[in-house]
């Protein structure tokens, strides 16, 4: 407490500060900066987009911060996406291993049925 008032928490401080788009929200929740947050009904305000682009072009450090925020949010969304919704890309090695494993299982099944006869 300071002079009878509670000190604001880090989250409260962050919520009070305007984003680079001059809206009150964390940078990681800004649909102008994080394109994946744009819903189907999102309409991009050209003036805000121009303002953000001007700020980023004028300040390379700010551009680096925004890139970090975008990367962090991309990783966060990827980590929270269930595995069944992630794209499946298989390397040639994994495909060959899988085929070899299936063939090995098939051979074992055939061998066991022939032995049981």
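The values are calculated or read from the model by the stated rules, or taken from the named source; none is laboratory data. Keep in mind it's a predicted model, so treat the numbers as computed, not measured. For neighbour counting, all protein chains shown are included, and Cβ atoms are generated from backbone atoms with ideal geometry for every residue, glycine included.
Do you know which residues across region 23-66 are in contact (Cβ under 8 Å) with a residue 40 or more places away in the chain and loosely packed, with under 11 Cβ neighbours inside 10 Å?
Across region 23-66, the qualifying residue is only 36.
Please indicate, with yes or no, whether at least one residue in region 59-81 is assigned to a loop (DSSP other than H, G, I, E, B) and modelled with pLDDT of 85 or more.
Among the residues of region 59-81, at least one is assigned to a loop (DSSP other than H, G, I, E, B) and modelled with pLDDT of 85 or more, which makes the answer yes.
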